Amino acid sequence: SLYSVWKRTVPLPNMMAFDTTTREVCTVQRARTNTPLQALVLLNDTQFVEASRVLAESVYVAEHPRRGIREAFMRLAGRTPTKEETRLLVELYRAEREYYESDIESAERLLSIGETKRNSELDSRELAALTAVCQIILNLDATVWKR
């Protein structure tokens, strides 16, 4: 989040998962870790699910999901995906699309998370599938770690 309210020495729980300091003392350099808890926050915290949906809406191209996936990867990781990464993400998109074809209610539940109103003109099943792909890209080391 761009703006978060800090209450003296108690940071937000999702920020604590990413090793934020408690601000009780000055910290010159934060520790760098990568834990399963961080992955759970990125996959389940409302603001990250909503951010994935909003990103999916902005890169959505109905006839060319591969193009949208490549654009989302570029925006999040700062580089173009390799051929193997693209192939795996397109496979994931197709699997998610198939799942949401058979369970439209799950797609609607996923797309209703967060405060930002979703674009109702876009196909729910395709948008939910692309949202899931964006969540995975957001959770990749290529996105999380500054190298």
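The values are calculated or read from the model by the stated rules, or taken from the named source; none is laboratory data. Just so you know, these numbers come straight off a predicted model, no measurement behind them. A quick note on method: Cβ atoms are made from the backbone with ideal geometry, for glycine too, and the neighbour counts reach across all protein chains shown. Side chains are part of the model used for accessible areas, which takes the heavy atoms of the whole protein and leaves out ligands, DNA and RNA. Shrake-Rupley method; radii C 1.70, N 1.55, O 1.52, S 1.80 Å.
Within the stretch 46-147, the GluC sites (Glu not before Pro) that combine a DSSP coil assignment with at most 15 other C-beta atoms in a 10 angstrom radius are E63, E115, E121.
Which percent of the accessible heavy-atom area of the chain goes to carbon and sulfur, probe 1.4 angstrom? Each step should come with its number before you reach the end.
Numbers: 5150 of 9620 Å².
C and S fraction of accessible area: 54 percent.
For the chain, the longest principal axis of the alpha carbon atoms and the long axis of helix 124-139 meet at an angle near 40°. Solvent-accessible surface of protein heavy atoms, probed at 1.4 angstrom with all chains present, puts Y93, Y60 in the order Y60, Y93, largest first. Helix 46-59 and the longest principal axis of the C-alpha atoms of the chain enclose an angle of approximately 40°. Karplus-derived 3J(HN,Hα) values for the stretch 104-116, using 6.51 cos²θ - 1.76 cosθ + 1.60 with θ = phi - 60°, are 5, 5, 5, 4, 5, 5, 4, 6, 8, 6, x, 8, 5 Hz; glycine and proline are entered as x. Rolling a 1.4 Å probe over the protein heavy atoms gives the chain an accessible area of 65 Å² per residue.
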